[in-house]
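Okay, so here's the structure we're looking at.
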Amino acid sequence: MTAPTQTLAALTSGIATNGITVVDLTNTLSPDFPVIVLPSEFGQCEPFRMETVSRYDGTGPAWYWNNISMNEHTGTHFDAPAHWITGKDVPNGTVDTLPPADFIHPAVVVDISAESAADEDFILTREFLEKWEARNGPIPPRHWVLLRTDWHKRVGTLSYLNLKDDGAHSPGPDAGAMRFLVHERDCVGLGVETVGTDAGQASHFEEPLPAHAILHGNGRYGLQCLTNIDQLPTFGAVIIATPLKIQGGSGSPLRVIALVPGG
Amino acid sequence: MRKRLRYDDVVVCAPVTVPYERYSTQTAHWWAGKALRALSQATGLERDAIDGFCFASFSAGPDTAVGMIQHLGLSPRWLDHLPTGGASGVMALRRAARAVQCGDAEVVACVAADTNQLDSFRKTLANFSRFSQDAVYPYGFGGPNATFALITDNYMRQYGVTREDFGKLCVAQRQNARSNPLALQRGELTLEAYLKARPISDPVHLYDCVMPCAGAEAFLVTTAKVAERLGLQTVRVLSTIERHNAYPDDLVQWRGGWAMDVDDLWRMAGIGPQDIDTLQVYDDYPVIVAMQLEDLGFCAKGDVAQFIRRTNFGIDGDLPLNTNGGQLSAGQAGAAGGFQNMTEGLRQILRQPLGDQVPNARRSLVSGFGLVNYDRGVCTAAAILEAA
Amino acid sequence: MSLRPKPEKRDPLARKVERHVPPGQRSRAAHALAARAATGRFVLQQCADCQAVTYPPRDVCPQCWGDLVWQDQPRGATLLAETTIRATTDLYFRQLLPWRIGTVALDAGPTAIAHLSPTLAVGARAEIRLMLDKGGNAALFALAAGETPDMTDTQWREFVVPVRGSTVLVTDAGHPVGRAVVEALKAAGAASIVAGIAPPATAPAIEGVRFVSLDLTDTRSVSECLTDIAGPLDIVVNTARFVRPGQGLLDQKRALDVGVLGLLRLTQGCGPMLRGRPSAAFVDVISATALAPDAAYPAFSAAEAARLSLLHSFRHEMRGANARVISLLVGAVDDADHQSVPLPKVAPARIGKGVVEALEQGLETHCIGDTATEAMQRWSADPALFIRENSL
């Protein structure tokens, strides 16, 4: 057994010598990065906003800084269990009370990019996951499950939210897949490239919005608006995702990075 | 109407003109001081002998007559300030004459002085009157040229007066100016040149307009006794009239306040238009000269075109008109323009002309017209003077 | 086909023509006249005692020294005299010479000096329009009786903002009101129309209209949109608004962010672009609830009131810059935001038409539809009572 100090030393030297690559899974936070749009009877998510306080000028001759404002679920962001009604009573379910150890977990990448390209409303099912395991091996416990859809390539276009007359269209899991991942594979959470862990049309599912309901009701997390998942191996990446410590917060924008073996 | 008192024992004397300049770097105060000095030199009066002061100016601001007497070191027992521009000369005479007659003052200096700095004309205009600011300047800012263009346009249409008729007046005045060394414009003006001049505000053309300048005019009103003591030649005041805001319901000004009071003017004088040797009328634009010919009784309303055509207005003519050239040729020194006709009227009958002498001149009619507060001149006045 | 406006023909080395404003000094009474001219009325003072009509504006009746009240007057007049001014010491008019004015006998009684339509001859009947000049002050303009103003007349153009040939920005073409404004401006001959769309709304296809992303709640978006326009900009029409009933704090915040801060972001950005254009205008489509709140829409009403206030300040700022700031007051719009509001409601197309009217008739305040017109009348008559009655 390696002593912890040696482990950390190996980690940092691995990063320094390129044995371990750091992949940034975060989209740039900007005013025009889209936020989720709910039906108009619901309150809406406020996008990122930035107003300059000073920029080496009369209001601050030697310094530059901005005021920023946004919804907790803006840009690349973290969903805590308290985000959903099913998780409202989960202990330590808000971002300020999460166990810090949960900020670092390994990840398994499930590639559904071909299916998503073929069908914008592709539904990830238990059956699909079982077949996937048959090809790639089992999804290990206490992992982030990251869905690769290549949706990040749509960032900057209207096809990212992909709103149509009948609502948003983007891939996501159904309830069966979520139960499988949570109860039978004990995932830490679900990470996606789309604006929500649920599919665009998930509010019309028989069990609506299953990713949110099942993840958060069981104390699991969500990561949305990720990018660069295509640079991760199927197994072996470690995710570092540390949401802001917002008192009673339901989630937070954050910088998500992945440690990937190999240069 | 109650019978008016005659101006017994009152005399007018010592007309002085401080030579005009097109532009001056001096102030109105300086010009007023030079006028007093000229008056003093002409009369031998010391400063403290002046016990009455009547002042007119557009460019003395922020000072009024009050600031002016302290500036000039006077201690008068009678003071008046006339903001009436072109009517101020006759009005100063009227006020001073009654003050002297009643003993409120004995030696009244009547002074008008204005400077003309590069920008003063524009500044004077911009702050001239509330009605002008509200209802005239926003309409093209043509200044008095535009206002008188409207009056002229209407007058020409109503009475069949032509540009040639106005031209005859302007050319005659220029001819009169040629012997006046102080006139700013003394070059020959032909009718052809007048007609071909560039339009300023149709139908007003260049030679219908006066040239703004700096200058000062003054005269003395006192008793016959004082004048005799000083050895001054004098002039008597036969009659005067004054009227403000006459005929407010006339849609466009086609007559002035003189028309309301002209009978009184001649009755008090006891003479008629045929007895006048020199006619010194206010001449900011020829249309106003024409209007005065009618309203003062030299011809009937509507006959002025014919009257102009048959009359010689030269110094040696039937009706010597504005014999120094008037403002049209001598220059318009602000409010001093309202004194210029008075000093010239006095000079001709005192036989002290600046230029040529009107032969056998004994009586002058001096007429003033002032203050285009809105769309017309508001103040009118006239006086008939006779050599003592 | 490029939707970018054709560049204006101008000698690149020539100094830019500086714009001036007409003489601006006025009496208090003349300002009162201007306040009424803003709505296109032709009013003059009339004596409360002897009924005499007076002009120029006075503070007391010249017939009997009674008090004066502003009354609508017949527009008829007769032209008595004219002149064409060819010389002036004023910088504004100097650029515009020759300039024709005349003396008109008003049917109402007094005579007045007025700007003249080129078709009006001496002796002919005239129709008086009470306009606002480039300095925002009242001015009488005499048209020939029955004449439709000629939008190519250089004198008339100083008092209006011609749409034909102009470059226009409409801020929220994702909403039916914005879309109607775009259509109306297009029909009126705008040369180049840029229409803002706040993502994720998508642009409808309108031929000849260039759609750009514009979100008034985002300072950067506003500046990027204006940067994208880059060239001359003559008219800005702000139709953006956020209408929600009730007391929801987030809705209130958003109503203020879109309506108030959005207006500020927009005016700060486009003000310098409008400055110095030969004929520029900023039109704000604003709810009549700006005058008195509709208690069912508290946040929206508050936002609109604040907006009206900002417009006054912006108007003051732009007065010296030759640009007109127009408040287009509308009642409840017949749109999805006002589904539960009883009739009458104003159609978006009517608002579009109103924008063109305000610009081309030279109005500064224009009420569109019965609701807004009545609101303005009641507010003008007795603001305290109107506010109370409006919330009963």
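Hey, among A:21, A:12, A:2, A:17, which residue is surrounded by 15 or more Cβ atoms within 10 Å (Cβ to Cβ), away from every other protein chain (no Cβ under 14 Å) and either over 30 Å from residue A:169 (Cβ atoms) or modelled with pLDDT under 95 (or both)? Among A:21, A:12, A:2, A:17, only A:21 is surrounded by 15 or more Cβ atoms within 10 Å (Cβ to Cβ), away from every other protein chain (no Cβ under 14 Å) and either over 30 Å from residue A:169 (Cβ atoms) or modelled with pLDDT under 95 (or both).
Give the number of residues within the range C:112-149 that are closer than 13 Å to residue B:134 by Cα and among the acidic types (Asp, Glu). Residues meeting the conditions: 1. Looking for something of a type in the set (A, V, I, L, M, F, W, C) and within 14 Å of chain C (Cβ to nearest Cβ) - is there at least one such residue anywhere in the range B:164-178? No, that holds for no residue.
A single member of B:45, B:118, B:125 is within 14 Å of another protein chain (Cβ to nearest Cβ) and either part of a helix (DSSP H, G or I) or crowded, with 19+ Cβ neighbours inside 10 Å (or both), and it is B:125.
Within the range C:118-135, which residues are more than 14 Å from residue C:104 (Cβ to Cβ) and among the small types (Gly, Ala, Ser)? If the condition is that a residue be more than 14 Å from residue C:104 (Cβ to Cβ) and among the small types (Gly, Ala, Ser), then C:135 is the only one that fits. Of the strands (runs of 3 or more DSSP E) lying entirely inside the range C:80-188, the ones with 3 or more residues being within 14 Å of another protein chain (Cβ to nearest Cβ) and in contact with a strand residue (DSSP E or B) (Cβ under 6 Å, 6 or more places away or on another chain) are found at C:99-106, C:111-116, C:125-132, C:138-144.
Restricting attention to the range B:245-264, does a residue exist that is surrounded by fewer than 23 Cβ atoms within 10 Å (Cβ to Cβ), among the basic types (Lys, Arg) and assigned to a strand (DSSP E or B)? There is no residue in the range B:245-264 that is surrounded by fewer than 23 Cβ atoms within 10 Å (Cβ to Cβ), among the basic types (Lys, Arg) and assigned to a strand (DSSP E or B).
The residue that is surrounded by the most Cβ atoms within 10 Å (Cβ to Cβ), among those in the range B:150-163 that are in contact (Cβ under 8 Å) with a residue 60 or more places away in the chain and either at the interface with chain C (Cβ under 9 Å from one of its Cβ atoms) or within 20 Å of the chain's Cα centre (by Cα) (or both), is B:150.
For residue A:211, indicate whether it is modelled with pLDDT of 95 or more, under 21 Å from residue A:151 (Cβ atoms) and assigned to a loop (DSSP other than H, G, I, E, B). It is false that residue A:211 is modelled with pLDDT of 95 or more, under 21 Å from residue A:151 (Cβ atoms) and assigned to a loop (DSSP other than H, G, I, E, B).
Set side by side, the residues C:10, C:41, C:15, C:58 differ, and just one is under 20 Å from residue C:115 (Cα atoms) and either loosely packed, with under 14 Cβ neighbours inside 10 Å or at pLDDT 90 or above (or both), which is C:41. When the residues of the range C:45-55 are filtered to those that are of a type outside the set (A, V, I, L, M) and more than 14 Å from every other protein chain (Cβ to nearest Cβ), the one that is surrounded by the fewest Cβ atoms within 10 Å (Cβ to Cβ) is C:50. If only residues of the range B:134-144 that are in contact (Cβ under 8 Å) with a residue 60 or more places away in the chain and part of a helix (DSSP H, G or I) are counted, the one that is nearest to the other protein chains (Cβ to nearest Cβ) is B:135.
Taking residue C:202 as the residue in question, decide whether it is touching a Leu at 6+ places or on another chain (Cβ under 9 Å) and either over 29 Å from residue C:95 (Cα atoms) or modelled with pLDDT under 95 (or both). Considered against the rule, which asks whether it is touching a Leu at 6+ places or on another chain (Cβ under 9 Å) and either over 29 Å from residue C:95 (Cα atoms) or modelled with pLDDT under 95 (or both), residue C:202 comes out as yes.
Reported count of residues in the range C:61-79, each being within 26 Å of residue B:158 (Cβ to Cβ), surrounded by fewer than 20 Cβ atoms within 10 Å (Cβ to Cβ) and either within 14 Å of chain B (Cβ to nearest Cβ) or aromatic (Phe, Trp, Tyr) (or both), is 2.
Residue count for the range C:200-223, restricted to those that are in a helix (DSSP H, G or I) and at the interface with chain A (Cβ under 9 Å from one of its Cβ atoms): 3.
If the condition is being part of a helix (DSSP H, G or I) and surrounded by fewer than 20 Cβ atoms within 10 Å (Cβ to Cβ), then the range C:270-291 contributes C:271, C:272. Tell me which helices (runs of 4 or more DSSP H) are completely within the range A:94-181 and hold 2 or more residues being touching a helix residue (DSSP H, G or I) at 6+ places or on another chain (Cβ under 9 Å) and either within 14 Å of chain C (Cβ to nearest Cβ) or crowded, with 21+ Cβ neighbours inside 10 Å (or both), or say none if there are none. Because the criterion is at least 2 residues that are touching a helix residue (DSSP H, G or I) at 6+ places or on another chain (Cβ under 9 Å) and either within 14 Å of chain C (Cβ to nearest Cβ) or crowded, with 21+ Cβ neighbours inside 10 Å (or both), the helices (runs of 4 or more DSSP H) in the range A:94-181 that meet it are A:175-179. Being surrounded by 24 or more Cβ atoms within 10 Å (Cβ to Cβ) and polar (S, T, N, Q) is the filter here; which residues of the range B:336-363 pass it? If the condition is that a residue be surrounded by 24 or more Cβ atoms within 10 Å (Cβ to Cβ) and polar (S, T, N, Q), then B:340, B:341, B:343, B:348 are the ones that fit. Within the range C:20-27, the presence of at least one residue that is within 9 Å of chain B (Cβ to nearest Cβ) and free of Cβ contacts under 8 Å to residues at least 60 places away in the same chain is confirmed. If we keep just the residues of the range C:341-370 that are of a type in the set (Asp, Glu) and in a helix (DSSP H, G or I), which is farthest from residue C:38 (Cα to Cα)? Across the range C:341-370, the extreme among qualifying residues is C:370.
Quick grid of which residues meet (1) surrounded by 15 or more Cβ atoms within 10 Å (Cβ to Cβ); (2) at pLDDT below 95; (3) of a type in the set (Gly, Ala, Ser):
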position: C:293; (1), (2), (3): yes, yes, no
position: C:328; (1), (2), (3): yes, no, no
position: C:332; (1), (2), (3): yes, yes, yes
position: C:366; (1), (2), (3): yes, no, no
position: C:391; (1), (2), (3): no, yes, yes
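So which residues in the range B:172-201 are buried (at least 22 other Cβ atoms within 10 Å of the Cβ) and either among the hydroxyl-bearing types (Ser, Thr, Tyr) or touching a helix residue (DSSP H, G or I) at 6+ places or on another chain (Cβ under 6 Å) (or both), if there are any at all? Hits for the range B:172-201 are B:173, B:174, B:177, B:183, B:189, B:194, B:200, B:201.
Scanning the range C:189-202 for residues that are over 14 Å from residue A:31 (Cβ atoms) and touching a Ser or Thr at 6+ places or on another chain (Cβ under 9 Å) returns C:189, C:190, C:191, C:192, C:193, C:194, C:195, C:196, C:197. On the stretch given as the range A:54-67, residues that are surrounded by 13 or more Cβ atoms within 10 Å (Cβ to Cβ) and either under 26 Å from the mean Cα position of the chain (by Cα) or of a type in the set (Asp, Glu) (or both) total 0. Among the conditions (1) under 20 Å from the mean Cα position of the chain (by Cα); (2) more than 14 Å from chain C (Cβ to nearest Cβ); (3) in a helix (DSSP H, G or I); (4) of a type outside the set (Gly, Ala, Ser), residue B:147 misses just one, which is (2). Looking only at the range C:28-44, how many residues end up being within 14 Å of residue C:112 (Cα to Cα), touching a helix residue (DSSP H, G or I) at 6+ places or on another chain (Cβ under 7 Å) and more than 11 Å from every other protein chain (Cβ to nearest Cβ)? The total comes to 1.
The residues of the range B:179-221 that are within 14 Å of chain C (Cβ to nearest Cβ) and in a helix (DSSP H, G or I), listed by number, are B:206, B:207, B:208.
The values are calculated or read from the model by the stated rules, or taken from the named source; none is laboratory data. No experiment lies behind these values; they were computed from the predicted model shown. Cβ sites come from the backbone with ideal geometry, for glycine too, and all protein chains shown count toward neighbours.
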